[in-house]
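Following: one structure in structure tokens, then a few remarks.
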Amino acid sequence: MERYWNAIETAPAHEMKALQSLRLSQTVRHVYEHVPFYRKKFDEMHIKPEDIQSIDDISKLPFTYKQDLRDNYPYGLFAVPVEQLTRIHASSGTTGKQTVVGYTANDIKTWGVCCGRALTAAGGDASDFVHVSYGYGLFTGGLGLHAGAEEIHATVIPVSSGNTKRQLQIFKDFGSTILCCTPPMRCF
């Protein structure tokens, strides 16, 4: 069975570093130009996008704290106009205001590829039946692992969360081989 993989995963270290450096510098420039919060933070630290040329420059960048996300709720840290979004996800907000994430169509595709890579790294492949017990609400995990399983051509069983007896019955009857869930939720 052919394993899902991306060529960059096996690239020499210097190629990986070059790609990371390019993407970091592009991201910093985009954020500086499109997110007033970060432009202000960078200016206060006397950082310009051209100061970030390599992944080695990452230590020059300011931290983002959870409070920053809450202070800019809901859309203040988005780097694209909301009209370009395909989906919005958010945290549960159990320790304060929810933190919100906006996804473009490309972000959704990238997230699916990342989740597919994670499933493959855990040993998954197209022969698997992926039992997704994450909720399919604002939490990004359920839909992310769902897309990841589809990315590696596995069969998705979108059970969602709750109802332990039902979960166990489906797991047994449908032949689930991979379980995606949040253990503290006690889905089993």
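The values are calculated or read from the model by the stated rules, or taken from the named source; none is laboratory data. All of these numbers come straight from a predicted model, not from anything done at the bench. Methodologically, a virtual Cβ is constructed for each residue, glycine included, from the backbone with ideal geometry; neighbour enumeration extends over all protein chains shown. For the accessible areas, the whole protein counts, side chains as well, though only heavy atoms, and no ligand, DNA or RNA atoms are used. Shrake-Rupley method; radii C 1.70, N 1.55, O 1.52, S 1.80 Å.
Yes or no, residue by residue, for (1) of a type outside the set (Asp, Glu); (2) within 15 Å of residue 180 (Cα to Cα); (3) open to solvent by 40 Å² or more (accessible area, probe 1.4 Å):
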site	(1), (2), (3)
105	yes, no, yes
108	yes, no, no
113	yes, no, no
139	yes, yes, yes
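The number of residues in segment 40-62 that are open to solvent by 40 Å² or more (accessible area, probe 1.4 Å), of a type outside the set (S, T, N, Q) and under 18 Å from residue 23 (Cα atoms) comes to 7. Scanning segment 81-99 for residues that are open to solvent by less than 50 Å² (accessible area, probe 1.4 Å) and either among the polar types (S, T, N, Q) or assigned to a loop (DSSP other than H, G, I, E, B) (or both) gives 85, 91, 93, 96, 99.
Filtered by the rule that a residue be within 25 Å of residue 100 (Cα to Cα), over 20 Å from the mean Cα position of the chain (by Cα) and surrounded by fewer than 18 Cβ atoms within 10 Å (Cβ to Cβ), segment 141-169 gives a lone residue, 162. Considering the conditions (1) in a loop (DSSP other than H, G, I, E, B); (2) closer than 23 Å to residue 81 by Cβ, residue 31 is excluded by exactly one of them, (1). Please verify whether residue 137 is touching a residue at least 24 places away in the same chain (Cβ under 8 Å) and within 21 Å of residue 105 (Cα to Cα), treating the condition exactly as stated. Criteria not met by residue 137.
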